[in-house]
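To start, the structure under review is shown below, and the notes come after it.
The values are calculated or read from the model by the stated rules, or taken from the named source; none is laboratory data. Quantities reported herein were computed from a predicted structural model and do not represent experimental measurements. Ideal geometry is used to build each Cβ from the backbone, glycine not excepted, and the neighbour counts take in all protein chains shown. Areas reflect the complete protein model, heavy atoms only, side chains present, ligands, DNA and RNA absent. Shrake-Rupley method; radii C 1.70, N 1.55, O 1.52, S 1.80 Å.
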Amino acid sequence: MNIQVDAPHTPVPAVSDRKPRVKALAAAISASAIEYYDFMIYGTAAALIFHSQFFPEVSPTAGVLASFATFAVGFAARPLGAAVFGRIGDRHGRKPALVSAMVLMAMASTLIGLLPNFAVAGIMAPLLLVVLRIAQGMAIGGQWGGAALLALEHAPPNRRGLYGAIPQLGVPFGMITGNLIFILVGHLVGPEAFDSWGWRIPFLLSIVMLPLAYAIHRNIEDSPEFRRAEQERQNRARAAPKSPLLEVLRRPKAVLLAAGTFAPATISFYIITTGMLDYGVHELGMGKNAMLTAVLIAMSGWTAGTIGCAALSDTVGRRPVFAAGAAVAGAWSFVVFPLADTRELPLLTLGLFVGLAAVGAMQGPAIAMFAEMFPPRMRYTGASLGHQLANVVGGGWAPLIMVALLNVGGGTILVSVYVSAAAVLGLIPLALLGRTKGSS
């Protein structure tokens, strides 16, 4: 039996002028690309560098575990960012919340590039790294809702799934750019210099986010759906709750169902994009650049899956498309490791490609599906909290859990069981989701 978490909401009519819509999409993609560039280069550095820079006095395995623990801390901070920036986004506009999150990310990432390592600052080095990672987590937790809703709420009524997913193109753009810069810097300065100081360059480049944030602030209009919700809120100001967060917390079932549904996608994504980097380099003995290149190529599968399945969800419904992606992701987890264990780069890349395409099949319809669970007056807060809690439960801990499972014996089969079990369990909250616009 389905639990109706909220009634479907009548979309605001499509914007008659295509220019605001196109500008909003461009801004959302650009913001997502740079935000995820910053957030994901941390994962790359955690897999390849941070254990020697910030945790040199422990064993290599313990150092990797500690590095991935700091990676997970950023995910723990994402719901806080969703709450803080969600209030801004629901009360003052999607645009100011997005711009504020971008500024925070730029500052945190640039400071990581300037951070002294353990040899210079001792225990303060990893402590400061954790603080800056928390700031990154808050920023990405706030950015996601701003970019997704700025695009989705400018969409034609029958294209909300597609428009909501288009900003997610920033994820592969950001990851590909980050991996390319890591590869380029490593090639230019050499392995020793890269491990010593070259890894800082990708973080220092984050400063370019500040002029982009200023351009969005100056040139992008907020969504028409938010403006309508703001007018309605002002008309009933006395009866309205003091905070969108309070209103969301009065319906926790919707947030928890969204989080439980999306957790398998985050687990699969970070196992493939971050955990496999460590596995390929430290367990299989493959080169860093080879692994980075494999992930880079495989992200095209994620892109195709995300956009194609988002568009498909506008026709056949959100839930069946999402369920198909979860099923493929769970089954493929038993294939990807045998392909990787061949140490053949084409087979490894194929394994990552299909796995990320399955994640994209979940990611594509998820944005619109979760946004449609909440009315516009609290949509930024509600959808963001659901999405970010999924990242806490799933993505943030996935690489750490993977390393731990590999070190308790049993090989990669335990990791595959972990991923497939998450996929199966995620179908339960998906089945309990109430009907939304575009759901089946």
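Report relative contact order for the chain in percent, whole number only (criteria: Cα-Cα under 8 Å, sequence separation at least 6).
On the way: 837 pairs, mean separation 118.0, N = 440.
The normalised contact order for the chain reaches 27 percent.
With charges set only on the Cβ (+1 for Lys and Arg, -1 for Asp and Glu), what does the dipole of the chain come to about its Cα centre, in debye to the nearest 20? Provide the component values of the computation, followed by the final result.
Working: 31 positive and 21 negative charges, 365 e Å.
Roughly 1760 debye for the chain.
Taking the chain, how many lysine pairs are there with alpha carbons less than 30 Å apart, if each pair must be eight or more places apart or span two chains?
Lysine pairs meeting both conditions in the chain amount to 10.
Can you match Rg and Dmax of the Cα atoms in Å to one of these, [x] 20.3, 62; [y] 20.8, 65; [z] 21.5, 70, based on a calculation from the structure here?
Here Rg and Dmax of the Cα atoms in Å agrees with entry [y].
Can you give the accessible area of K23, probe radius 1.4 Å, in Å² rounded to 10?
70 Å²
How do E344, E230 rank by accessible surface area computed with a 1.4 Å probe, from largest to smallest? Each step should come with its number before you reach the end.
On the way: E344 100, E230 35 Å².
So, going from the largest accessible area down, we get E344, E230.
Net charge around I220, counting only other residues with Cβ within less than 12 Å of its Cβ (Lys, Arg = +1; Asp, Glu = -1)? Present the calculation step by step, with values, prior to reporting the outcome.
Numbers: positive: K19, R21, K23, R94, K95, R218; negative: E221, D222.
Its environment carries a net charge of +4.
Under a point spin-label approximation (7 Å from Cα along Cα-to-Cβ), what is the V316-W197 distance to one decimal in nm?
It is 5.5 nm.
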